[in-house]
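Contents: one structure, followed by commentary.
The values are calculated or read from the model by the stated rules, or taken from the named source; none is laboratory data. Predicted model, so just to flag it, every value in this text is computed and none were measured. Because the Cβ atoms are built from the backbone with ideal geometry, glycine has one as well, and the counts that use them run over all protein chains shown. In case anyone asks, the SASA skips ligands and DNA or RNA and just uses the protein heavy atoms, side chains included. Shrake-Rupley method; radii C 1.70, N 1.55, O 1.52, S 1.80 Å.
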Amino acid sequence: MNLVFEHITLGQRVLFGTGQAADNLAQEVERLNAQRVMLIAAETEQELAATVAAKISPVVEYNNVVMHVPVEVAQEARSVAQDNKVDLLVCVGGGSTTGLAKAIAMETRMPIVAVPTTYAGSEATNVWGLTEAARKTTGVDDAVLPTTVIYDADLTMTLPVELSVASGLNGMAHCIDSLWGPRVDPINQALAVEGIRALAEGLPAIVDDAQDVTGREQLLYGAYLSAVAFASAGSGMHHKICHVLGGTFNLPHAQTHATVLAYVLAFNMDAAPEAAAKIASAFGSDDALAGLQRLRERLDAPRKLADYGFTEDGIGEAVEVALPAIPANNPRTVTEENLTDLLRAALHGEDPAQLRQRSS
Ligand code: NAD
């Protein structure tokens, strides 16, 4: 069959080097001729931010970072940026911190240099997210895509192993969901497959030794690929579900993704044999779900949504909000009944293989 597709590659500079973040940031600030930097980092990320910003002089620092970016916080941070006549936003931290920088950039068009310290991947997407009245809204705007991303594995050494596992599986979810995303194409599929391979290599390494630099580098590399693939392919079924669980039920982002992924894969894979074969090969396995589950067991990955505050009572509302958002090109047709079944399985940590059997 002929290859016919449209693919957009987003323009972004990536500087990757362990122990080089401070130098790379100073170089970028100079290259961009920025005079008034706003440094954004959560309270818990202050130390990392100080290391990264050691060779620049920000005019203002901001640390009121809240997960899923409540609109009031975004508004306050924007005012601080404007009052201080900021010309460059530098964010050091996880996806929540990057998300706040994006919320400022969205209105002010200020450029961002992002220095990620988790594997969430927000730094490589043009997607913003805001939460208001328990509803999370996301949108796409190239103005929120960081101009530059600076990756430095040293900054991830303090990320606890449990959170590293959940965050790495969040990256894995970007990859797997990209394989049937609404704008899936051969380029984003190739990036996603390499992302799965890198994450599957890095995760066991850091579970064995949290300070393993090579493992941490593989994870950052994989997280970047996962986000580029995701930004290109768009949100598939997995992201639409997790988006509701985070925005409406305030479940923790990475752990929710890490849990739901196995169920969405189990649900979709037999209706998407080509994607499933690519996932399996990236895991070095004969079967995509077996490959993912073997890795999850090795990592002692998050198992059930009940551990993160989700309950039976929430399933009806979650289905109601998520169902209309699931892309029409999802490999398997999603109904109120089968989505309820999937969420119940994820809530209780049922063996995903059983959901797979019921779905086929
Ligand atoms: P997070 O940013 O909330 O970080 C989780 C916790 O880890 C925080 O307490 C943080 O301070 C701490 N932390 C971060 N780095 C650390 C380090 N190196 N050492 C020790 N502690 C560290 O969580 P997250 O999972 O990175 O990001 C989740 C948010 O990102 C969600 O709001 C999600 O919607 C958003 N997100 C957006 C996109 C996008 O494309 N727009 C993509 C992925 C995630």
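Summary of values
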{"quantity": "Filtered residue count, the stretch 1-18, keeping only those that are in a loop (DSSP other than H, G, I, E, B) and open to solvent by 90 Å² or more (accessible area, probe 1.4 Å)", "calculated": "8"}
{"quantity": "Qualifying residue in the stretch 307-323 (condition: open to solvent by 20 Å² or more (accessible area, probe 1.4 Å) and in a loop (DSSP other than H, G, I, E, B))", "calculated": "yes"}
{"quantity": "Filter result for Thr158 (open to solvent by 30 Å² or more (accessible area, probe 1.4 Å) and within 11 Å of the ligand (Cβ to nearest atom))", "calculated": "yes"}
{"quantity": "The lone exception for Leu100 - which of (1) more than 21 Å from the chain's Cα centre (by Cα); (2) in contact (Cβ under 8 Å) with a residue 12 or more places away in the chain it fails", "calculated": "(1)"}
{"quantity": "All positions within the stretch 186-214 that are open to solvent by 10 Å² or more (accessible area, probe 1.4 Å), closer than 13 Å to His7 by Cβ and not β-branched (Val, Ile, Thr)", "calculated": "Pro186, Gln189, Ala190, Leu191"}
{"quantity": "Qualifying residue in the stretch 80-88 (condition: open to solvent by 10 Å² or more (accessible area, probe 1.4 Å), under 22 Å from His253 (Cα atoms) and not polar (S, T, N, Q))", "calculated": "no"}
{"quantity": "Restricting the stretch 125-152 to residues that are touching a Lys or Arg at 6+ places or on another chain (Cβ under 6 Å) and more than 10 Å from the ligand (Cβ to nearest atom), the residue that is most open to solvent (accessible area, probe 1.4 Å)", "calculated": "Ala143"}
{"quantity": "Yes/no for Glu76 being in contact (Cβ under 8 Å) with a residue 40 or more places away in the chain and part of a helix (DSSP H, G or I)", "calculated": "no"}
{"quantity": "Total residues in the stretch 261-274, condition under 17 Å from Ser235 (Cα atoms) and surrounded by fewer than 24 Cβ atoms within 10 Å (Cβ to Cβ)", "calculated": "1"}
{"quantity": "Where His238 falls short, out of the listed (1) over 13 Å from the mean Cα position of the chain (by Cα); (2) within 14 Å of the ligand (Cβ to nearest atom)", "calculated": "(1)"}
{"quantity": "Members of the stretch 35-62 found to be within 16 Å of the ligand (Cβ to nearest atom) and either open to solvent by 60 Å² or more (accessible area, probe 1.4 Å) or assigned by TED's automatic domain parsing to the domain that holds His253 (or both), listed by number", "calculated": "Glu43, Thr44, Gln46, Glu47, Ala50, Thr51, Glu61"}
{"quantity": "Hits in the stretch 19-34 - residues which are closer than 14 Å to Thr156 by Cα and either among the basic types (Lys, Arg) or open to solvent by 20 Å² or more (accessible area, probe 1.4 Å) (or both)", "calculated": "Gly19, Gln20"}
